[in-house]
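What follows is a short report on a single structure.
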Ligand SMILES: C[S@@+](CC[C@H](N)C(=O)[O-])C[C@H]1O[C@@H](n2cnc3c(N)ncnc32)[C@H](O)[C@@H]1O
């Protein structure tokens, strides 16, 4: 079976590596997605265990069109009754970039009509559309004249892990937080500090990696559980096997924030994720913190600046650079922000730069190697 794992821009390579580790074959990274092949067991496993996939689609047809009518005809040829029954509800998510369609919704309507007519011919009845809680979610992708129709096996995006009850003002997407950690080479064996942890997304994703907790463990449901061919025993086996690998945390993970409210929110989320033992949280101003371990990793997601005056945000980024230099010698620091201008005030030379997206927001991820003592060369 062929599958498409969707992800955030910049995380394609990390996701491809994850999929290979999970046992996928024919793994190929493309823009914001990774193609792979595997069986039903792998589909369940990837949904349950992947940290950087947003959703897993199963393509059911691809064909070329020369007119709108070709979409209707192509849709009619798909054996819809092998995927769902006439009594099941469905919904279509159209993603269209084609001169054949002036607006995206219209392409969705054409496919909906062909599905309804397919069932009417077979059963005399039409399945109903439910855009809120459909049993089957269909993804319609049209790029110029190429149509790909897939069924979404995740439905609720996989970044919605299920542990987040409380969220701060600008939380990181969970998939992005896990992606940064995997991209950084942090492998769960070095001490980790997030001194601006907000609602705790980075420490929690780090805790899940360190303790080998499958990120799907807290989810109530995956789309494939409503499929006609859902194999409950197989899914139980997949979960049991993945859960049997969970270990107590081999590392210390620290989260802190200047806001008492943010730390309270992080505490609730950490507890929901079952990571109270692994993660220590406290209220602190970053400038007062010193590293406990010189070989450790620091991850920072500072405010982007929307709620601050320009000189306040410049001072904040300047303080980050000074604190890293004086209080975190020997550490590897990673910083993610959408504020490209303010990072200049950090005053340290980044060793790596990556472009990533937090939802629709373009961000940069920077790596700093903090050396022992003051190195003038580090100043830019
Ligand atoms: C963009 S948010 C972090 C969001 C977090 N990654 C999450 O997923 O919830 C930035 C955080 O930095 C905190 N902050 C701002 N100045 C700080 C300082 N001087 N020391 C520590 N935390 C600070 C804010 O309170 C805020 O929670």
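The values are calculated or read from the model by the stated rules, or taken from the named source; none is laboratory data. In this text the structure is predicted, and so the values were computed from the model without any measurement. Neighbour counts are summed over all protein chains in view; Cβ atoms, including those assigned to glycine, are modelled from backbone coordinates with ideal geometry.
Table for the structure above
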read-out	value
So residue 260, is it loosely packed, with under 13 Cβ neighbours inside 10 Å and at pLDDT 95 or above	yes
Elements of type helices (runs of 4 or more DSSP H) contained in segment 227-329, each with 3 or more residues being near the ligand (Cβ under 10 Å from one of its atoms) and within 30 Å of residue 350 (Cα to Cα)	260-272, 310-327
So residue 46, is it out of contact with any strand residue (DSSP E or B) (no Cβ under 9 Å at 6 or more places or on another chain), closer than 26 Å to residue 357 by Cβ and assigned to a helix (DSSP H, G or I)	no
Residue within segment 115-138 that is under 14 Å from the mean Cα position of the chain (by Cα) and crowded, with 20+ Cβ neighbours inside 10 Å present	no
Unique residue being under 17 Å from the mean Cα position of the chain (by Cα) and more than 10 Å from the ligand (Cβ to nearest atom) when the list is 200, 179, 188	179
In segment 33-69, the residues that are in contact with a helix residue (DSSP H, G or I) (Cβ under 8 Å, 6 or more places away or on another chain) and modelled with pLDDT under 95	68
Residues of segment 160-197 that turn out to be within 12 Å of residue 270 (Cα to Cα) and touching a strand residue (DSSP E or B) at 6+ places or on another chain (Cβ under 8 Å), as a count	1
Failed condition for residue 94, given (1) part of a helix (DSSP H, G or I); (2) in contact with a helix residue (DSSP H, G or I) (Cβ under 8 Å, 6 or more places away or on another chain)	(1)
Some residue of segment 330-346 being free of Cβ contacts under 8 Å to residues at least 12 places away in the same chain and either surrounded by 15 or more Cβ atoms within 10 Å (Cβ to Cβ) or not in a helix (DSSP H, G or I) (or both)	yes
Single unsatisfied condition, residue 322 versus (1) over 22 Å from residue 14 (Cβ atoms); (2) surrounded by fewer than 21 Cβ atoms within 10 Å (Cβ to Cβ); (3) at pLDDT below 95	(3)
Verdict on residue 171 being part of a loop (DSSP other than H, G, I, E, B) and within 15 Å of the ligand (Cβ to nearest atom)	yes
Residue within segment 65-88 that is touching a strand residue (DSSP E or B) at 6+ places or on another chain (Cβ under 8 Å) and in a strand (DSSP E or B) present	no
